[in-house]
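Below: one structure, written as structure tokens.
The values are calculated or read from the model by the stated rules, or taken from the named source; none is laboratory data. Just so you know, these numbers come straight off a predicted model, no measurement behind them. Here the Cβ positions follow ideal geometry from the backbone for every residue, glycine too, while neighbour counts run over all protein chains shown. Ligands, DNA and RNA are excluded from the accessible area calculation, which covers all protein heavy atoms including side chains. Shrake-Rupley method; radii C 1.70, N 1.55, O 1.52, S 1.80 Å.
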Amino acid sequence: MCENVKLTSIQRNEFDVAVELTQLHCETNIVKPDDIKKIFAEYYSLARILNCTSEDTLINFLPENVKNKL
């Protein structure tokens with residue numbers, strides 16, 4: 001039965017990315033409850049901007065050893 005399962009890629013939007021990054025941030029840092037809203041807003045804004053940025057521009061920010069493997 002498992003052989004008939006078709007795998008599909010998971011599409012995440014900016015909101016999903018911001019939620020995941022906020023959760024990770026809160027798990028790895030001491031965060032006051034009042035700061036969570038600000039942290040989420042920063043990650044959401046970053047995800048929105050990066051989603052609208054061309055791939056060629058983003059590649060310029062990669063370390064050289066990663067760029068060489070592309």
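Details
- Close pairs from the range 42-55: first assigned to a helix (DSSP H, G or I), partner open to solvent by 70 Å² or more (accessible area, probe 1.4 Å), Cβ under 7 Å, at least 6 apart: Tyr44/Phe15
- A search for C-beta distances below 6 Å between a residue of the range 15-33 that is free of Cβ contacts under 8 Å to residues at least 60 places away in the same chain and any residue that is open to solvent by less than 100 Å² (accessible area, probe 1.4 Å) and of a type in the set (A, V, I, L, M, F, W, C), counting only pairs 6+ apart in sequence or on different chains, returns Val17/Ala47; Ala18/Phe40; Ala18/Ala47; Thr22/Ile39; Thr22/Phe40; His25/Ile39.
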